[in-house]
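The structure under discussion appears below in the form of structure tokens.
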Amino acid sequence: MRFVKEYLFPRLIQYVAVVFSGITAAFLIPRLAGQDPVLELIAEIQATGASLDVAAVRSLMETLRELYGLEGTLFEQYVAMWQRVFTFDFGPSFFQFPTPVVDLLRIYLPWTIGLFVTTTILAWILGNVMGGVAGYFSHKRWSKILDALIMVVRPIPHYIFGILILILFAYVWRLFPAGGLMLGRRAVFDLNFILTVLRHSFLPALTLLILGGAIWFQQMKLLVQNVKREDFVQYAHTGGVKESRIIPRYVLRNAMLPQITQLTLALGQVFSGVLIVEMVYSYPGMGLLLYRAVTRGDFNLVMGITVLSILTITTAVFIMDLLYPLFDPRIRHR
């Protein structure tokens, strides 16, 4: 009971407050921007030369406002929004009408999870292992050379690095396709489809793996160098503890704690996706979908992606908060 009252319950309240605030902000921001997707759609129809009388325009506007949850006062829209959140029914998409938002999420989400989650975890493992070893043996020549290479790669923006990889592997050596995955294509699990996806995903995955791994490498290297100077590590050396025991149990274990938290936050960004990389490689992920939803004023789709993103990030942080004492024995449920 003490755990529930003093540890679990306050964090549960904090979790609900963050979810409530985040979804409310996601509802208000597009409306305060002054963008009206219904008027924009009417203008697009009239721009094509279509002739609509006043009654037809009024009827069309009423129908569209109802479909997109824009009917009534701001408070009535806000109440209707929460009804949609609880039923997870965000209505039809504006720029891919009449496809429901939930269907679009089902189509695009697996692509981003397959690319972004896989490369994030691989980059985290490789960056931390290499950074940990390089940080502990920072006086070695190979560690200094590796650090110099990482310092060159790390500041390069994603879009420039992605274009460089694209030119080298798709146009100079012609080893991989430059893109071409069909936007909105549903995942089908057969061998031909899997090989096609792997072939088209290699270059964006390589871009994310190298740039992501460089960040984890530098962070872990600095953490290990700091932990290595701690008194308990020096005492272990003085006490004759073997280095093969000091590195994993005394140094890496303590240096990993902030990296575990960072990994949780990084995985939560799956719904914003890696927009620049997806645009460079024409990859059909959530970042590209969100970009199109924002630029077309698709309130329903923006709301669906944002709600899913908020729930995932806050839930991941909440679970990690509960599990953190298992990784750090200095923290206990009080």
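Annotations for the structure displayed:
- Odd one out for residue 105, checked against (1) without any contact (Cβ under 8 Å) to a residue 60 or more places away in the chain; (2) within 24 Å of the chain's Cα centre (by Cα); (3) surrounded by 11 or more Cβ atoms within 10 Å (Cβ to Cβ): (1)
- Meets criteria (buried (at least 16 other Cβ atoms within 10 Å of the Cβ) and under 20 Å from the mean Cα position of the chain (by Cα)) for residue 122: no
- From the list 188, 197, 270, 241, the one residue that fits, being at pLDDT 85 or above and either open to solvent by less than 40 Å² (accessible area, probe 1.4 Å) or not in a helix (DSSP H, G or I) (or both), is 241.
- The residues in the range 210-224 that are open to solvent by 40 Å² or more (accessible area, probe 1.4 Å) and either touching a Lys or Arg at 6+ places or on another chain (Cβ under 7 Å) or farther than 16 Å from residue 157 by Cβ (or both) can be counted, and the count is 5.
- Flag for residue 113 being modelled with pLDDT of 85 or more and either in a helix (DSSP H, G or I) or open to solvent by 60 Å² or more (accessible area, probe 1.4 Å) (or both): no
- For the range 219-238, the set of residues classified as outside any helix (DSSP H, G or I) and either over 20 Å from residue 144 (Cα atoms) or in contact (Cβ under 8 Å) with a residue 40 or more places away in the chain (or both) consists of 230 only.
- Number of positions in the range 278-315 that are of a type outside the set (A, V, I, L, M), part of a helix (DSSP H, G or I) and in contact (Cβ under 8 Å) with a residue 60 or more places away in the chain: 9
- Taken together, the residues in the range 63-108 that are β-branched (Val, Ile, Thr), in a helix (DSSP H, G or I) and more than 14 Å from residue 307 (Cα to Cα) amount to 3.
The values are calculated or read from the model by the stated rules, or taken from the named source; none is laboratory data. Everything numeric here is computed off the predicted structure, so don't read it as measured data. As a convention, Cβ positions derive from the backbone with ideal geometry for all residues, glycine included, and neighbour counts pool all protein chains shown. These accessible areas exclude ligands, DNA and RNA; they are computed on the full protein's heavy atoms, side chains included. Shrake-Rupley method; radii C 1.70, N 1.55, O 1.52, S 1.80 Å.
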